[in-house]
There are 2 protein chains.
Amino acid sequence: MGAKFLDKLEKKLEELSAYLKTIEHYRNVGSLMYWDMTTGMPENAAEGRAETMSFMQMQAHNLSVSKEIHDFIKFFEKNEEKLDFVQKRMVHELKKNYEKEKIFPEEFIKEFSLAASRGQLAWEKAKNEDNFEIFKPDLEKIVELTKKSIKYKGYKGNKYNALLDDYEPGLTVEKLDKVFDELRDGIVNILKKINNSGTEISNVFEGKEFPKENQKRFCIKILKTMGFDFKSGRMDETEHPYTLDMSNKDVRITNHYYLNDFTSAMFSAIHEGGHGIYEQNIPDYLEGTGLNVAASMAIHESQSRFYENIIGRNKSFCGYLYEEAKKEFPNQFEFINEEEFYNTINKVQPSLIRTEADELTYSIHVIIRYEIEKLLINDKIQVADLPRVWNEKYKEYLGIEPTSDKVGVLQDMHWSDGSFGYFPSYALGNLYGAQMLNEMVKDIPNIYDEIATGDLSSVYEWLKENVHEYANLYDPSDLIKRITGEELQAKYFIEYLDKKYKEIYNY
Amino acid sequence: MGAKFLDKLEKKLEELSAYLKTIEHYRNVGSLMYWDMTTGMPENAAEGRAETMSFMQMQAHNLSVSKEIHDFIKFFEKNEEKLDFVQKRMVHELKKNYEKEKIFPEEFIKEFSLAASRGQLAWEKAKNEDNFEIFKPDLEKIVELTKKSIKYKGYKGNKYNALLDDYEPGLTVEKLDKVFDELRDGIVNILKKINNSGTEISNVFEGKEFPKENQKRFCIKILKTMGFDFKSGRMDETEHPYTLDMSNKDVRITNHYYLNDFTSAMFSAIHEGGHGIYEQNIPDYLEGTGLNVAASMAIHESQSRFYENIIGRNKSFCGYLYEEAKKEFPNQFEFINEEEFYNTINKVQPSLIRTEADELTYSIHVIIRYEIEKLLINDKIQVADLPRVWNEKYKEYLGIEPTSDKVGVLQDMHWSDGSFGYFPSYALGNLYGAQMLNEMVKDIPNIYDEIATGDLSSVYEWLKENVHEYANLYDPSDLIKRITGEELQAKYFIEYLDKKYKEIYNY
């Protein structure tokens, strides 16, 4: 091939990059509008904002399924052997996303979007009034459309694979069933040992009050310790904490403060900080390739949960957290020692609400949802059966039963907008994290001595080099193999949990 | 004409409305991005933000000069007799704006935009280093391009008319010279009487401190008193206070707090609140017509200055402000009585900085800039002469001379981005406001009794009915005639000032 052709290739790559940056502009304003909507937008602005958001989303969508994209894909496929590794991946992802969006008739997209909007309103109402019947007809519609979407997508093996693939590319029910069965049995086993141990842990923060301004300052301090860069990010207050990015230089985390418990905001900050650091470490050179995003939802969650639990609830790091918290809340900590602090933030207590669950039982909440979604999608149960099946599974795995649907099947919003297939990411994050930890301690043998002093720099660098800088250059299954030499495993997480709780509960 | 044609007209009107709403979507995200940039965007996000803003601006621009707009104009011009009053105005404004944007070659727009970006950076540097020479070459370029833009636009009479028309449609140098000459002489005359009166007013706030949180709460209280609707707006903190809207349901004002002087934030809140109320009162039915904007910059400024000065610095209203301030700052107000408070916020003191000027001398700062701009645009002086001419005029009109360019010709940013023709709006706002007051007191004879109790509802309703609800249905010259039966006049403002200061300074 001559210099002339290389020029043409170069030119096409530049054109594509400019085109993808255009899509990013639309996504950026979409993110900013969402952030603004949740952090204090005037309430009367809601309707107009929804219109502008939907308009901008549609522009991004149209650009993603345009003839231009189609032609780019055709051109680069024809010249694949001339592309380098990153360029090949770029074309691969471009094609995948193009086909994923293109597969649905426009009518179907509109129908789904409308059902999802209605679903969210109905769910909110149903949850507020603690009445599943209010949500039922909308949820039935959403499930019906979700099944229809699976037909458009096509699938191999279990129908649910089509949904899993949206959030964890390449993962299948066949693989996940094994992993989750092992995980569920492992956790239930540890839970039994804890219950039989007779050890009781009390909450030392009961009855105390922690002013919001102190909590905020404390969270910022911990985020800086983690390496979250406030020149490329900020922290605001919302109803539910989340992380959102406009680029690796504008990453916004949010938090929520409870006056009676500063550890809720502390762990939210550490969790969202984990997401945020991932986004901040996505390399600049991937801008305009479409690859400057996380490998998957589960890998994202592995980073947030690594910081929240593996670091944040670790005994060594706890010494640092304890000393810092004592400085910020000297009166509240007057009669609390380090061990009591450590035990309180690691207390195991099967409970009804996923987002309030402890580190051990959290994954069980997720597995219950996964099992139910599978049954539903494969027509083994109907929407009308959900409350009953939900309550049965909580009884079976956690030994507790929801007193009403509000604290049962209605607690999460995910189904209301059709996000079936998303839940597994939350538990997968735990597994990936423990698997990474197993590797990390080989590379940094004195890791626990370091973090005991509040020095998280080695952790930061390790995750940056091994996870963050790869962005979406690999599918999650390939990424975890590159990092650990193994496929997704449940055993590292179970071992980690067993070792930890054996010490705390003396079983 | 048959029903069929009316259907077609109806359909075209709907199409145009949808098209204009699309442009509004782009403007909205532009506004949100600017607001976010100034209220706390992470600093590393600046470059990416600039790119996204410029992209969205270009989309809005392209839609405004598109073939579609051209065709809409042609269609409606052909069927003008079938349009109602609002529709006629809509087409008129559409055409005006289309031609205004279309007249410039794309190359010229880019060149101007680049010169303006560079100009702003150079101006900032020049101001920081107090060195006009740093700004001079860029300002020369901007003046050259501004003169070129006048050639593209065309003009009648004075070249400066082409610039005036951008901000105050229909106003000419010939008209404005007369008004400003009268205004300048009137103010200089009052200033002499004050100087000869021998009355000295001291600043009772000197040496006191006002915590930011109290200032904020106080400003919110006053804004609510004014009728600013926090369900359709909010107040944030920025380096320089401003007002911006995304719609009449999302109006954002900003403020800046000085610890040693709460009246600065108070008057900024009242000023921006005046702008904000105007925007909030733009009627819903004008959405999608392009007419849901203010009549002009000067009419906008008339509303902010009406609230800031005519109400905010009024003796009756001052009683209310005094009592409220005393509640918020009881210690600081311990030895301050109402008269001292009133006199302090009305102290006249010729000074070098426009934005810090008192109500009397403020307009002189504006007139100086207007006179200089006219000289420059008509080649009577060159950019190199600016510092000298500036200082001469301050000496002549206000009796003081800038000690350096930083507090002289470099103080305002307006020229750095080519906003020649904007300054007059600031003083025109004062004139329109006093003219409206003259009418308002006829309609509401007991107005001063009402505002003495903090009841601003009649003022709010009067301005809403007479100004805000007309949005951009009339050119400013027609609007003021509708409201007052007269053209723009200087005399009402001069009479108002003379009456006020005669009492304060006992001359």
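The values are calculated or read from the model by the stated rules, or taken from the named source; none is laboratory data. Bear in mind the structure is a predicted one, so any value in this text is a computation, not a measurement. Here Cβ is always computed from backbone atoms with ideal geometry, including for glycine, and neighbour counts include all displayed protein chains. Areas reflect the complete protein model, heavy atoms only, side chains present, ligands, DNA and RNA absent. Shrake-Rupley method; radii C 1.70, N 1.55, O 1.52, S 1.80 Å.
Here is a check on your reading of the model: is B:ILE187 touching a residue at least 40 places away in the same chain (Cβ under 8 Å), in a helix (DSSP H, G or I), open to solvent by less than 50 Å² (accessible area, probe 1.4 Å) and not assigned by TED's automatic domain parsing to the domain that holds B:LYS102?
Values: touching a residue at least 40 places away in the same chain (Cβ under 8 Å): yes; in a helix (DSSP H, G or I): yes; open to solvent by less than 50 Å² (accessible area, probe 1.4 Å): yes; not assigned by TED's automatic domain parsing to the domain that holds B:LYS102: yes.
It is true that B:ILE187 is touching a residue at least 40 places away in the same chain (Cβ under 8 Å), in a helix (DSSP H, G or I), open to solvent by less than 50 Å² (accessible area, probe 1.4 Å) and not assigned by TED's automatic domain parsing to the domain that holds B:LYS102.
Of everything in segment B:266-294 that is open to solvent by 10 Å² or more (accessible area, probe 1.4 Å) and in contact with a Phe, Trp or Tyr (Cβ under 8 Å, 6 or more places away or on another chain), the residue that is farthest from B:ALA325 (Cα to Cα) is B:ALA294.
Taking the criterion of being more than 20 Å from B:GLU359 (Cα to Cα), of a type in the set (Gly, Ala, Ser) and more than 13 Å from every other protein chain (Cβ to nearest Cβ), the only residue of segment B:221-267 that qualifies is B:GLY227.
Does segment A:328-339 contain any residue that is touching a His at 6+ places or on another chain (Cβ under 7 Å) and outside any helix (DSSP H, G or I)?
Filtering segment A:328-339 down to residues touching a His at 6+ places or on another chain (Cβ under 7 Å) leaves none.
Looking for residues that are touching a His at 6+ places or on another chain (Cβ under 7 Å) and outside any helix (DSSP H, G or I), one finds none in segment A:328-339, hence no.
Criterion applied to A:ASP379, A:ASP358 was being more than 30 Å from A:PRO283 (Cβ to Cβ), within 17 Å of the chain's Cα centre (by Cα) and either basic (Lys, Arg) or part of a loop (DSSP other than H, G, I, E, B) (or both), and the one residue passing it is A:ASP358.
Quick check on segment B:245-258. Is at least one of its residues crowded, with 21+ Cβ neighbours inside 10 Å, in a loop (DSSP other than H, G, I, E, B), basic (Lys, Arg) and modelled with pLDDT of 95 or more? Yes, segment B:245-258 contains a residue that is crowded, with 21+ Cβ neighbours inside 10 Å, in a loop (DSSP other than H, G, I, E, B), basic (Lys, Arg) and modelled with pLDDT of 95 or more. Only residues that are more than 21 Å from A:ASN292 (Cβ to Cβ), in contact with a Leu (Cβ under 8 Å, 6 or more places away or on another chain) and open to solvent by 10 Å² or more (accessible area, probe 1.4 Å) were counted across segment A:431-470, and they come to 1. Of the helices (runs of 4 or more DSSP H) lying entirely inside segment A:1-88, the ones with 3 or more residues being open to solvent by less than 40 Å² (accessible area, probe 1.4 Å) and within 11 Å of chain B (Cβ to nearest Cβ) are found at A:3-39, A:46-64.
Among residues of segment A:200-213 that are at pLDDT below 95, none has a Cβ under 8 angstrom from a residue that is open to solvent by 100 Å² or more (accessible area, probe 1.4 Å) and hydrophobic (A, V, I, L, M, F, W, C) at a sequence gap of 6+ or on a separate chain.
Using the structure shown, decide if B:GLU133 is assigned to a helix (DSSP H, G or I), within 14 Å of chain A (Cβ to nearest Cβ) and without any contact (Cβ under 8 Å) to a residue 12 or more places away in the chain. Write out each step before concluding.
Details: assigned to a helix (DSSP H, G or I): yes; within 14 Å of chain A (Cβ to nearest Cβ): no; without any contact (Cβ under 8 Å) to a residue 12 or more places away in the chain: yes.
It is false that B:GLU133 is assigned to a helix (DSSP H, G or I), within 14 Å of chain A (Cβ to nearest Cβ) and without any contact (Cβ under 8 Å) to a residue 12 or more places away in the chain.
Checked against (1) within 13 Å of A:SER416 (Cα to Cα); (2) in contact (Cβ under 8 Å) with a residue 60 or more places away in the chain, A:LEU94 meets all criteria but (1).
Looking at A:TYR394, is it assigned to a loop (DSSP other than H, G, I, E, B) and not assigned by TED's automatic domain parsing to the domain that holds A:ALA295?
Values: assigned to a loop (DSSP other than H, G, I, E, B): no; not assigned by TED's automatic domain parsing to the domain that holds A:ALA295: yes.
Here the answer is no, as A:TYR394 does not meet what is asked.
For B:LEU9, state whether it is among the hydrophobic types (A, V, I, L, M, F, W, C) and within 21 Å of B:VAL91 (Cα to Cα). In short, yes. Scanning segment A:307-323 for residues that are open to solvent by 20 Å² or more (accessible area, probe 1.4 Å), in a helix (DSSP H, G or I) and under 15 Å from A:MET266 (Cα atoms) yields A:GLU308, A:TYR320, A:GLU323. The residues listed here are A:GLU439, A:GLU495, A:GLU461; of these, the one that is at pLDDT 95 or above, more than 30 Å from A:LEU376 (Cα to Cα) and assigned by TED's automatic domain parsing to the domain that holds A:ILE282 is A:GLU461.
Return the residues of segment A:399-410 that are at negative phi and open to solvent by 20 Å² or more (accessible area, probe 1.4 Å); say none if nothing qualifies. Those that are at negative phi and open to solvent by 20 Å² or more (accessible area, probe 1.4 Å): A:ILE400, A:GLU401, A:THR403, A:SER404, A:ASP405, A:LYS406, A:VAL407. In segment B:100-118, the residue that is least open to solvent (accessible area, probe 1.4 Å) out of those that are under 24 Å from the mean Cα position of the chain (by Cα) and under 28 Å from B:PRO476 (Cβ atoms) is B:ALA116.
Among the residues of segment A:361-374, is any small (Gly, Ala, Ser) and either within 25 Å of the chain's Cα centre (by Cα) or not in a helix (DSSP H, G or I) (or both)? Break it down stepwise before answering.
In the first step, residues of segment A:361-374 are kept if they are small (Gly, Ala, Ser); the result is A:363.
From the residues that got through so far, the ones that are either within 25 Å of the chain's Cα centre (by Cα) or not in a helix (DSSP H, G or I) (or both) too are A:363.
Yes, segment A:361-374 has at least one match.
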